[in-house]
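First the structure, in the form of structure tokens, and then the observations on it.
No lab work stands behind these numbers, since they all come straight from the coordinates. This structure is a prediction, so every number in the text was calculated from the model and none was measured. Here the Cβ is made from the backbone with ideal geometry for all residues, glycine too, and neighbour counts use every protein chain on show.
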Amino acid sequence: MQVSMTVNGQSRTDDVEPRLLLVHYLREVVGLRATNIGCDTTSCGACTVIVDGLTVKSCTVLAAQADGSEVTTLEGLSGKDGAMHPVPAAFHSEHGLQCGFCTPGMVMASIGLLKDNPHPTDREVREGLEGNLCRCTGYHNIVKAVLKAAEAGAAAGTVGASEVSA
Ligand code: FES
Ligand code: FES
């Protein structure tokens, strides 16, 4: 079957198996490898991407279900001038990663969190990211990074998911 969608601002149409998961489509068909597969069972959040403005665990969605959608992955966060998006920038400055395996999903989930709640408390960040697991258990600095991104986003107004693929 054919699926058409916009991935990180670029429109594309591909022939896929009807059973192909969105995460496999992104990694193997589109060639975007930042989105990781940690569990394949909707548990870890490593595969989180943004579909039509909502965070989605892409191992839970068929590529066919994303037909006609706008999809944003970690690779789509840089602006045209190459500037780092405030959320990954905050993960960098606050050391919000250790092995980095959970990080793409954490970043995308954090963008969704901040879109819904631009000024979260520490507790709200922890609750908002409860669907994303860090096997290095680096949660403390991840929370610090999201709080820092909230500050930066509040100043720059650039943490909304509608702007991530700009
Ligand atoms: S790989 Fe999708 S939730 Fe773990
Ligand atoms: S930094 Fe290693 S899994 Fe989170």
Which residues qualify? For Val30, with a placed amide H closer than 5 Å and at least 5 residues away or on another chain, they are none
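Could you tell me what % of all Cα pairs in the stretch 2-76 have separations over 15 Å? Please list the in-between numbers first.
Working: 1258 of 2775 pairs.
Across the stretch 2-76, Cα pairs with separations above 15 Å total 45 percent.
Expressed in whole Å with the largest first, what are the equivalent ellipsoid semi-axes of the stretch 35-123 derived from the C-alpha gyration tensor as the square root of 5 times each eigenvalue?
Semi-axes (√(5λ), whole Å): 21, 16, 14.
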Asp14 and Arg123 label points (each 7 Å along its Cα→Cβ direction) are spaced in nm at 4.3 nm
Sorted by chain and number, the residues with a modelled amide H under 5 Å from that of Leu62, at a separation of 5 or more or across chains, are Leu22
Phi-derived 3J(HN,Hα) across the stretch 28-40 with the Karplus relation (6.51, -1.76, 1.60, θ = phi - 60°), rounded Hz, x for Gly and Pro, is 9, 8, 7, x, 9, 9, 5, 6, 8, 10, x, 9, 6
GNM on the chain, Cα springs under 10 Å; top mean-square fluctuation among Gly53, Gly31, Gly153 goes to Gly31
Quick calc, Glu151 & Ile37: beta-carbon distance into FRET formula, R0 25 Å, rounding 0.05, result 0.20
Interchain or sequence-distant (5+) residues whose placed amide H lies within less than 5 Å of the amide H of Asn36 are Gly105
Length gained, Gln2-Asn141, 0.36 nm per residue minus C-alpha separation, equals 45.9 nm
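How much space per residue, in cubic angstrom, does the convex hull of the C-alpha atoms of the chain take up?
97 Å³
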